[in-house]
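Contents: one structure, followed by commentary.
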Amino acid sequence: MKKLRYLLLASVTLLISGCKVAMLDPKGVIAASEKSLLIDSTLLMLIVVIPVVLMSLYFAWRFRESNRKAKYSPGWTHSNTLELICWAVPGVIIVILAIITWVSSHTLDPYRPLDVKGKPLVIQAIALDWKWLFIYPEQQIAAVNFVQIPVNQPVRFEITADAPMNSLEIPQLAGQIYAMAGMRTKLNLMATEDGLYDGMSANFSGDGFSNMRFKVKVTSKKAFQVWVKTMQHSPNQLSIDAYKQLAKPSLAEPVNDIPVAYYSSVAKDLFTKVILMYKKPGMTNLRETLAKSANGKTKPLRELVMGDATRKAQLAHKAQKTKAANHTSA
């Protein structure tokens, strides 16, 4: 028994010493609020959990077989006091948690702009297989698997996907937000300390999911401006053709080596085009301009979409005529 106790203690110590819980070490206003919410909710629930655990241990010891002083009451059935405590305390905790949840859900809404002074820095993120593309539309630069932002300045991420549904998360700065093809989600955050932080994919998306990570570097505003100017002199340009090559599925090799690339210019409205090619009927995919029909021949994607729309219209017209005929006969 003593050996087992020492083994458990050593295991817990090893886990704690070798693991950094990012959420408990926030470096941004949103992450700090989420940490506070987590701690407050846990403490409230412990009001019930701790007494229950202690009473379970106490009852087992108090009414052990060898204790002849414990009162044996086989006829006891009910106590109004205990009934009130057992229902009132959890009920009050649930009400408090409900209020906290309601308030925090609106306060920490990722779409809600932060209540701080200053114009937000806009960064457009596109989830690819299996990498992240970050576009700075105002600066007309882009980077793969790397983000740099100034400290104490609000940042607004606009997020989409040109691949299976994904999720962007920077644990020490903010929570996660999904990236979906044909849609644009938003994430507002602000870093409060300089440093290099980890970002990741928080949604399984295929073979390269586990290595779909990126770095977020937080620097002073002056250092950020210097970085932008350096980026604008990069020889690489993110044209439509360059994006087509970048969007092809690729795995990092070696596995732990996260590829990083920088671009001094970006094709006009690239982020919007990536969204619209999934959202707007008839728009062709940047990588697949043709689709195969059932007989093996190729047709423009617009014709296939319009063909489906025509078929649906014909079925709806037929159903309407049938309904009208039934009404006339009745």
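The values are calculated or read from the model by the stated rules, or taken from the named source; none is laboratory data. Quantities reported herein were computed from a predicted structural model and do not represent experimental measurements. In this analysis, Cβ positions are derived from the backbone assuming ideal geometry, glycine residues included, and neighbour counts consider all displayed protein chains. Side chains are part of the model used for accessible areas, which takes the heavy atoms of the whole protein and leaves out ligands, DNA and RNA. Shrake-Rupley method; radii C 1.70, N 1.55, O 1.52, S 1.80 Å.
Using the Karplus curve 6.51 cos²θ - 1.76 cosθ + 1.60 with θ = phi - 60°, what ³J(HN,Hα) values do you get for each residue of the stretch 222-238, in whole Hz, with x for Gly and Pro?
Running phi through 6.51 cos²θ - 1.76 cosθ + 1.60 with θ = phi - 60° gives 5, 5, 5, 5, 4, 5, 4, 5, 5, 4, 5, 9, 5, x, 7, 10, 8 Hz.
Just to be sure I understand: if I project the alpha-carbon convex hull of the stretch 17-158 onto a plane and average over all orientations, what area do I get in nm²?
Spelled out: convex hull of the Cα atoms, projected over all directions, averaged, 15.9 nm².
Give me the extension gain from Ile93 to Ser239: residue separation times 0.36 nm, minus the current Cα-Cα distance, reported in nm with one decimal.
On the way: separation 146, 0.36 × 146 = 52.56 nm, distance 5.58 nm.
Length gained, Ile93 through Ser239: 47.0 nm.
Show me, for the stretch 129-140, the HN-Hα J-couplings you get by feeding each phi into the Karplus relation (A = 6.51, B = -1.76, C = 1.60, θ = phi - 60°), rounded to Hz, glycine and proline as x.
For the stretch 129-140, the Karplus-derived couplings read 8, 10, 7, 10, 10, 10, 10, 9, x, 6, 8, 6 Hz, x marking Gly and Pro.
Mean 1/r over all different Cα pairs, inverted: what Kirkwood radius does the stretch 141-275 give, in Å? Before the final figure, lay out the partial values.
Numbers: mean 1/r = 0.0632 Å⁻¹.
Every distinct Cα pair counted, the radius reaches 15.8 Å.
Return the loop-located GluC sites (Glu not before Pro) in the stretch 14-87 (DSSP other than H, G, I, E, B) with at most 15 other Cβ atoms within 10 Å of their own Cβ; answer none if there are none.
Passing both the DSSP loop test and the Cβ count: Glu65.
In nanometres, what is the gap between the two model label sites at Val49 and Leu108, each 7 Å from Cα along Cα-to-Cβ?
1.6
In nm, to one decimal, how far is the modelled label at Asn67 from the one at Leu82, with both set 7 Å along Cα→Cβ?
Result: 1.4 nm between the two label points.
What order do Thr77, Thr192 take when sorted by accessible area (1.4 Å probe), most exposed first? Spell out each step's value before the answer.
Numbers: Thr77 120, Thr192 60 Å².
Order by accessible area, largest first: Thr77, Thr192.
Express in whole angstrom the spacing between the alpha-carbon centres of the stretch 78-113 and the stretch 190-208.
32
Checking the table Lys119/Lys222; Lys215/Lys279; Lys221/Lys268 against a 21 Å threshold on Cα-Cα, which pairs fail? List each step's numbers first, then the result.
Numbers: Lys119/Lys222 16 Å; Lys215/Lys279 30 Å; Lys221/Lys268 26 Å.
Table pairs above 21 Å Cα-Cα are Lys215/Lys279; Lys221/Lys268.
Count neighbours as other Cβ atoms within 10 Å of each site's Cβ, and list the chymotrypsin sites (Phe, Trp or Tyr not before Pro) in the stretch 92-140 that are DSSP loop with at most 15 such neighbours.
Details: sites: Trp102, Tyr111, Trp130, Trp132, Phe134; in loops: Tyr111, Trp130.
Those that pass, being in a loop and sparsely packed, are Tyr111.
Please report, for the Cα atoms of the stretch 87-159, the Rg to one decimal and the Dmax as a whole number; what are they, in angstrom?
18.5, 60
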